[in-house]
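Below you'll find the structure, written out as structure tokens, and then a few comments.
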Amino acid sequence: MCARDPPRALQRVNDLELDPIELLKDAVATPSVTGEEHEMVRLLTEVLDEHGVPYEVDDMGNVLAGDLSGLILNAHLDTVPPGDGWEVTDPFDPTIRNGKLYGRGAADCKGGLAAATAAVVQGHYEEVPIGLLATVGEESSSEEDNGALHVCRTRELEARAGIVCEPTDGQVHVGDRGRITLRVTVRGRSAHASTPEMGKNPIEAATRVVEELSKMRPTEYRLPGIGIVRSDLTVTGIETDGPSNVIPEQCEMTVDYRTVPGESAEEVKRRVERAAKRAVPSGFEVSVGVKSASRATVVNVEAPVVKAAVIAARKVGLQGELDFKRGHCDIEYLVHEAGLDAVILGPSGGNIHGPDEWVKVEDVVRCARAYLTCANILPAPY
């Protein structure tokens, strides 16, 4: 179905007034690449209007709906571009096959969004304290575009706790790693490529830096009940300027570093800088800068929302095991900016950001029930 048609997700399914799978189909059929979420906003607000759920759309296009004093469910409206190589279906033609719904954004994060919306609609009918924070710009590399950060910094959220509805295979993640992007610049001496002995090739020196960085020992963080979480470092880009017949003066590398709780951007920068300077021969200069940094997040496993989420997930047939997310998501802002305890809990999915992205249909329905159950059993603040 195209987004301009009336929403199909208005019929009752089992114990839910809103069928999350029909909403998911509508959502996948509605392109919403980062910066172009307006049609998803329209689809979502139509559904909320149909069920009489109160909502507002802020100046960035974020949708806040339901009872925001209880459990807040956070899911993002945007997706990465569709890309090429799709075989099962076209990116915006939702197709169910063998219990999986395929399409761009099916797992990240429209499956979680559909489940969250169904839970909030049900909570509206049953007077359960549960609300929705559907945000824009999560997939952007710039924090200025991030809708969750905008909401958490511009208004006071007085909720009991939060759940980020990213895909987790039904596990309850008590946090995520942070991400630091660094730029490592190696400077040599430019020369004509026909007389390489006259120059100092920064690309050759950069290869030594890559090798040295690969030897950096990861930082470890022990999580009670989960185990050890480790940092990761990956060189994701090497660039130079100038014509192909000239040895460049400098070479720039992009380094992606995933932090564990307790690591700071300055600490990571110092470690990378020491390793890079060890690697290059004399006659070369190395500098390291931080392009962007997000924080690692961890919530106490004894927090009420953790216990409630585990109980709720297992009650509806999800795994409910405690774990920790290796990637990064908006839990950072709910915890560090809004001051809430939060977890990450969502359906099973695969091929995220790639062709033939999918989400497990049964899990979407189970997540809707898990969110509602969690809101029901989450204790009120003293």
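In terms of its alpha-carbon gyration tensor, the range 10-63 comes out oblate; a/c meets the 1.5 threshold, while b/c is at least as large as a/b. Residues considered: Asn98, Asn146, Asn74. Largest GNM mean-square fluctuation over the chain, using C-alpha springs under 10 Å, is found at Asn98.
Taken over the range 262-379, the ratio of Cα radius of gyration to 2.2 N^0.38 Å equals 1.50. Considering only C-alpha atoms, what is the centroid distance from the range 258-320 to the range 327-366, in Å? A separation of 18 Å, based on Cα centres. Relative to the Cα centre, the charge distribution of the chain, modelled as +1 at Lys and Arg Cβ and -1 at Asp and Glu Cβ, gives a dipole magnitude of about 1680 debye. The DSSP beta bridges internal to the chain are antiparallel in roughly 75% of cases.
Relative contact order of the chain: what whole-number percent is it, with Cα pairs under 8 angstrom and at least 6 residues apart? Normalised by residue count, the contact order of the chain is 23 percent. Pairs from the list Lys25/Lys360; Lys100/Lys325; Lys25/Lys307 with a Cα-Cα gap above 20 Å: Lys100/Lys325; Lys25/Lys307. Between Leu16 and any residue 5 or more places off or on another chain, the built amide H atoms are never under 5 Å apart.
When P(r) over Cα pairs in 20 Å bins from 0, in percent is calculated for this entry, the matching label among [x] 25, 49, 25, 1; [y] 27, 54, 18, 1; [z] 28, 49, 20, 3 is [z]. A simple charge model with +1 on the Cβ of Lys and Arg, -1 on the Cβ of Asp and Glu and nothing else charged puts the dipole of the range 235-373 at about 560 debye relative to its Cα centre.
The smallest convex shape that holds all Cα atoms of the range 178-293, its convex hull, gives 87 Å³ per residue. Decide, for the range 331-382, between rounded, prolate and oblate: order the square roots of the alpha carbon gyration tensor eigenvalues as a ≥ b ≥ c, take rounded if a/c falls under 1.5, and otherwise choose prolate if a/b is larger than b/c, else oblate. It is oblate, given that a/c is not under 1.5 and a/b is not larger than b/c. When +1 charges are put on Lys and Arg Cβ atoms and -1 charges on Asp and Glu Cβ atoms, the dipole computed for the range 101-247 relative to its Cα centre reaches about 580 debye. Principal-axis analysis of the Cα atoms of the chain puts helix 202-213 at an angle of about 50° to the longest axis. Please list, or write none, the lysines whose alpha carbon is within less than 24 Å of the alpha carbon of Lys277, excluding same-chain residues fewer than 8 places away. Reachable lysines: Lys200, Lys215, Lys269, Lys291.
A short reminder: the numbers here are calculations on the coordinates, not readings from a lab. Since this is a predicted model, take the numbers as computed values, not measurements. Please note: Cβ atoms are built from the backbone with ideal geometry, for glycine as well, and neighbour counts cover all protein chains shown.
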